[in-house]
1. Name the pairs whose Cβ atoms lie under 9 Å apart, with the first residue in segment 139-163 and free of Cβ contacts under 8 Å to residues at least 24 places away in the same chain, the second of a type in the set (Val, Ile, Thr) and outside any loop (DSSP other than H, G, I, E, B), and 6 or more positions between them or separate chains?
2. Identify, by number, the condition in (1) at pLDDT 95 or above; (2) of a type outside the set (Lys, Arg); (3) under 18 Å from the mean Cα position of the chain (by Cα) that Ser125 doesn't meet.
3. Does Arg57 satisfy the condition of being at positive phi and charged (D, E, K, R)?
4. Scanning segment 36-63 for residues that are within 20 Å of Gly117 (Cβ to Cβ) and of a type in the set (A, V, I, L, M, F, W, C), which turns out nearest to the chain's Cα centre (by Cα)?
5. Hey, which of the strands (runs of 3 or more DSSP E) in segment 1-89, taking only ones fully inside, have at least 3 residues that are touching a helix residue (DSSP H, G or I) at 6+ places or on another chain (Cβ under 7 Å) and open to solvent by less than 20 Å² (accessible area, probe 1.4 Å)?
6. Can you say whether Glu115 is within 25 Å of Glu41 (Cβ to Cβ), at pLDDT 95 or above and not in a loop (DSSP other than H, G, I, E, B), as far as the supplied structure shows?
Amino acid sequence: METYGRYLNVVDVEATCWTGRPPAGQVSEIIEIGLTVVDTEQRVRVGKHRILVRPERSTVSAFCTELTGLTQEEVDGGVRFTEACAQLETEHFADSRVWASWGDYDRKQFQRQCEAGRVRYPFGSTHVNAKQQFAVARGWPKGIGMHRALEVAQLPLEGRHHSGADDAWNIAALVVGLMTQQAWPEVDGGGGIRG
């Protein structure tokens with residue numbers, strides 16, 4: 001059994017999207033879950049994962065394909081959202097690991113979609129907003145986008161921006177940098193965060 005707080009899941013999702021309002025009857029749904037595991041003791045990224053999710057109440061628009069690189073055909077081969085959530089728990093210990101994302105969008109999208117589909121929320125209660133931590137570490141009043149943060153931190157963008165798997169990998173590099181600077185909150189045994 002792993003020690004609580006030893007591994008951190010960094011998550012980034014991509015969802016169906018459009019240039020304007022969603023078409024009638026469609027809602028934004030997760031179509032890709034990117035997850036990078038960070039070893040918090042060694043301060044290294046130790047795993048990069050990708051789960052494709054088949055949307056059930058929307059389709060992939062041309063705009064969405066241009067932004068994310070994902071096509072309808074590709075996500076049609078993915079798993080149902082229920083299965084993706086179960087996979088997060090069984091394969092990535094999402095319900096017992098601290099997790100982080102760049103901003104609160106990913107957390108809120110999971111909450112919305114789980115509530116709408118009556119699906120068990122796969123994550124534990126301890127979430128860290130990496131975007132906010134990055135801003136706090138620099139004494140900024142508000143956060144900036146991940147791509148700009150990589151430039152500020154003088155880190156390369158690895159892979160494609162708006163690929164969930166690649167964005168999670170890049171966010172994890174920023175998180176490791178914050179850990180190295182002692183600017184990442186510590187997790188106590190009760191699931192709370194300090195700092």
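The values are calculated or read from the model by the stated rules, or taken from the named source; none is laboratory data. Owing to the predicted nature of the structure, the values given are computational and were not obtained by experimental measurement. For neighbour counting, all protein chains shown are included, and Cβ atoms are generated from backbone atoms with ideal geometry for every residue, glycine included. Side chains included, ligands, DNA and RNA excluded: accessible areas come from the protein's heavy atoms. Shrake-Rupley method; radii C 1.70, N 1.55, O 1.52, S 1.80 Å.
1. Sorted first by the residue in segment 139-163, then by its partner, the pairs are Ile144/Val152.
2. (1)
3. So Arg57 does not fit the description; no.
4. Going residue by residue through segment 36-63, those that are within 20 Å of Gly117 (Cβ to Cβ) are 51-60.
In the following step, the residues that additionally are of a type in the set (A, V, I, L, M, F, W, C) were identified as 51-53, 60.
Working: Ile51: 11, Leu52: 13, Val53: 14, Val60: 20 Å.
Within segment 36-63, the match that is nearest to the chain's Cα centre (by Cα) is Ile51.
5. So the answer is 7-15, 30-39.
6. On the way: within 25 Å of Glu41 (Cβ to Cβ): no; at pLDDT 95 or above: yes; not in a loop (DSSP other than H, G, I, E, B): yes.
Considered against the rule, which asks whether it is within 25 Å of Glu41 (Cβ to Cβ), at pLDDT 95 or above and not in a loop (DSSP other than H, G, I, E, B), Glu115 comes out as no.
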